[in-house]
Amino acid sequence: MEARRSSRSGNRTVSAAVQEHLRELCLREFPCGTGSWNKSRFLPQTWRTWKELVPREVDKAGPEEETVETLLGLVRSPHSPWALLKDSSDEDHFLRELAIQNPLMITDTFFYSYFRSLRVVDKEVSQVDKDLLKFLKLEDLILSANRIKEINAANLPPTLKVLELYGNEICSLEGLCAHPPPPGLQHLGLGHNKLQGPLESLYLSSSHWPKLVSLDLSFNDLMDLQGMLASLRTLKHLRLLVLQGNPLALVPYYRGFTIDNLSRLCVLDDVTVSPNEKHQFRGFSLHGDFLAHEAQLVVTIGNVRGVLDTSILDLEPGPEGPFVTYSYYVTYDFVEDEEREEENDYKGVLAEIVSPSSCTELFTAEEFSEEFTIESEESVESELADTADSVSSIASVRSTALPRVVDSATEELAKLRPRVDPRLFPSPGTVLFSTVRKPWADIIPCNYEMNHTLKDLTSLKAFLLSGTTVTIVEEKILSWPLGFSAADSPLPAKKGKGEKDKKEKDKKEKDKKEKDKKEKDGKDKGGKGPKKKKEPARDLRQDPPILQVLGSGLVVLEPLLSGEPMVSTVCNFGVLRTLETDRLTLARDSKKVKKVAKKEKKKSLTQMLDSEYRPEPLTVDVQIQLIQFRSVEEALTAASPL
């Protein structure tokens, strides 16, 4: 019998939910039960004997009564107002038809002695009461998706063989094992609960579950793999085990170590244990002391496609600038391991942990030697300079909140300051990683790979459930000649003039040497004008970068908890290009090549215009792999120091 969901809430018992469900079936109301619709089939109760409990023949029904076939049609027809819901169980249909054919059998004694299976799912039940003991032949008890926090084993019928408690709020097995549980229990389902702590493995021994064949502990917070396997080894009949979704299943040696410890196991995490696996991991259980309690993941970021070349929309810079450069990179956030925070193993970290800030105006600082100063914001810029010095060599962006502005003039400047997209910063508890900045190309190869080793498996599980955010960023930097602003000029005018005279003298001397010795032509040319002519181009003042998010999206990582070894996806952020922008890009590129190549460029441009135009969307290839060892040798090689 299955009890459906009810809208009522509060502390509810299993027996109360069952009784409510029986009332919803209306077993004593038309067309079920007894009444004017079938009164001639049953004698009055005062005249009735045990022989007369059998219903009379249908053909003796009165003119105002309904036949059994008619009543059954009312509950069987899907268009009838008395029909059951589509998700009703077979037992519900059986009870309704039995209440029509023989309503005198519908008694409490019949219920408690007849049913072998009881399903009370999603009924907001919080207590398993002792009235369950009235079910004398109950074998299957399904209490999933409720609010049960603990169970007293003394209230469970001793005839139980299957007990499922998925999706509840059970934090410990202590209450379930305080009294002897049903001795013949063969399957125990405790997935998607809140089991945690090393003591839970003590309640999974043969002294509590002597005949257990199947055990499901998936998606809890269990961490002690070796302690768990030590208890499970005592279960001689255990053949099916599910531990995926727990932090202990994230270590790379999890499957092999479990298979070798539980030699009788046939199925692990819904995957059959093959003879080859048993052979590959033979003897693994002897090396448990050499195994590190940490997870290993590899993040790979491939090609970026469909990026709009924004430089084609900019005007040509004048002699006074600004000179604009564009670069592109991909960021993703990843959980921070607090135990490795001081080791500083990560390279390429864009930002550290970011605490939630009430200030909405954020500022990004790039690794520039010059300061971007404003008279009314000197205190702000000094703070940004200190922040930029503390960032790692490759990583370059740290989130910093601006102080509260008091002066009215400064408030106006703050309104004009562009606000930074919050997607450029990591979420609390994560670290932001970045690929190397690359110039624009039709296909931008990131060639990025990062190994993540984490010891905090509980935080890693929470992170995998939430997923990671992948973002494609465009970085725009404006550069200005130093001479454009007098305040930014690093050298006095006289000193610059003297250096210029010396350069002219050196040039004349080198011209004479070129006529006498041709062997030194290359050296003289190399030390002559080109580098000195390009020196002013390097004396540029760079503004803080202007960052723009081209696309951002969530990558779901939960399959890694469900047993998948890898998550590989192509993040699609939509189309940024248009026919006009692609035409400008091809026209610009055709000017940079020779005449032969120019004809091919024009030909491809013509074909693009003539055919149906389908711009390529903005995409990036992302792959995240959870490392799992495939043999004992591989595990021991990884565990041994170099």
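The values are calculated or read from the model by the stated rules, or taken from the named source; none is laboratory data. Keep in mind that this is a model prediction, so the values were computed, not measured. Here Cβ is always computed from backbone atoms with ideal geometry, including for glycine, and neighbour counts include all displayed protein chains. Areas reflect the complete protein model, heavy atoms only, side chains present, ligands, DNA and RNA absent. Shrake-Rupley method; radii C 1.70, N 1.55, O 1.52, S 1.80 Å.
Among the residues that make up region 239-247, is at least one of them at pLDDT 95 or above, farther than 30 Å from residue 585 by Cα and open to solvent by 50 Å² or more (accessible area, probe 1.4 Å)? So far as region 239-247 goes, yes, one or more of its residues are at pLDDT 95 or above, farther than 30 Å from residue 585 by Cα and open to solvent by 50 Å² or more (accessible area, probe 1.4 Å). Residues in region 565-600 that are at pLDDT 95 or above and either among the basic types (Lys, Arg) or open to solvent by 90 Å² or more (accessible area, probe 1.4 Å) (or both): 1 in all. Hey, could you check region 607-642 for residues that are more than 27 Å from residue 555 (Cβ to Cβ) and assigned to a loop (DSSP other than H, G, I, E, B) and say which is modelled with the highest pLDDT? Restricting to residues being more than 27 Å from residue 555 (Cβ to Cβ) and assigned to a loop (DSSP other than H, G, I, E, B), the top hit is 631.
Matching residues to (1) within 25 Å of residue 284 (Cα to Cα); (2) hydrophobic (A, V, I, L, M, F, W, C); (3) part of a loop (DSSP other than H, G, I, E, B); (4) over 33 Å from the mean Cα position of the chain (by Cα):
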site	(1), (2), (3), (4)
172	no, no, yes, no
182	no, no, yes, yes
188	no, yes, no, no
194	no, no, yes, no
200	yes, no, no, no
207	no, no, yes, yes
210	no, no, yes, yes
223	yes, yes, yes, no
237	yes, no, yes, yes
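Looking only at residues of region 189-218 that are at pLDDT 95 or above and of a type in the set (S, T, N, Q), we find that the one that is farthest from residue 119 (Cα to Cα) is 218.
Each row is one residue, and each column tells you yes or no for (1) closer than 30 Å to residue 142 by Cβ; (2) modelled with pLDDT of 85 or more; (3) assigned to a strand (DSSP E or B); (4) open to solvent by 70 Å² or more (accessible area, probe 1.4 Å).
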site: 6; (1), (2), (3), (4): yes, no, no, no
site: 9; (1), (2), (3), (4): yes, no, no, yes
site: 17; (1), (2), (3), (4): yes, yes, no, no
site: 20; (1), (2), (3), (4): yes, yes, no, no
site: 23; (1), (2), (3), (4): yes, yes, no, yes
site: 35; (1), (2), (3), (4): no, no, no, no
site: 40; (1), (2), (3), (4): no, no, no, no
site: 52; (1), (2), (3), (4): no, no, no, no
site: 56; (1), (2), (3), (4): no, no, no, yes
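Within region 90-105, not a single residue is within 49 Å of the chain's Cα centre (by Cα), open to solvent by 20 Å² or more (accessible area, probe 1.4 Å) and within 30 Å of residue 196 (Cβ to Cβ).
List the residue pairs whose Cβ atoms are under 9 Å apart, where the first residue sits in region 208-232 and is among the β-branched types (Val, Ile, Thr), the second is open to solvent by less than 50 Å² (accessible area, probe 1.4 Å), and the two are 6 or more positions apart or on different chains. Matching pairs, first to second residue: 213/187; 213/235; 213/238. For region 258-292, give me each residue that is assigned to a helix (DSSP H, G or I), open to solvent by less than 10 Å² (accessible area, probe 1.4 Å) and either among the hydrophobic types (A, V, I, L, M, F, W, C) or farther than 24 Å from residue 206 by Cβ (or both). The answer is 259, 284. Among the numbered criteria (1) farther than 19 Å from residue 271 by Cβ; (2) surrounded by fewer than 17 Cβ atoms within 10 Å (Cβ to Cβ), which one does residue 187 miss? Looking at each condition in turn, residue 187 falls short on (1). Restricting attention to region 295-315, the residues being in a loop (DSSP other than H, G, I, E, B) and open to solvent by less than 30 Å² (accessible area, probe 1.4 Å) number 3.
Being of a type outside the set (Phe, Trp, Tyr), modelled with pLDDT of 95 or more, on the phi < 0 side of the Ramachandran plot and in contact with a helix residue (DSSP H, G or I) (Cβ under 9 Å, 6 or more places away or on another chain) is the requirement here; does residue 455 meet it? Here the answer is no, as residue 455 does not meet what is asked.
Looking only at residues in region 107-139 that are in a loop (DSSP other than H, G, I, E, B) and open to solvent by 40 Å² or more (accessible area, probe 1.4 Å), the one that is farthest from residue 162 (Cα to Cα) is 107. A Cβ distance below 8 Å, combined with a sequence gap of six or more or placement on separate chains, defines the contacts here; from region 131-153, residues that are on the phi > 0 side of the Ramachandran plot reach residues that are not basic (Lys, Arg) in the pairs 145/121; 145/122; 145/166; 145/167; 145/168.
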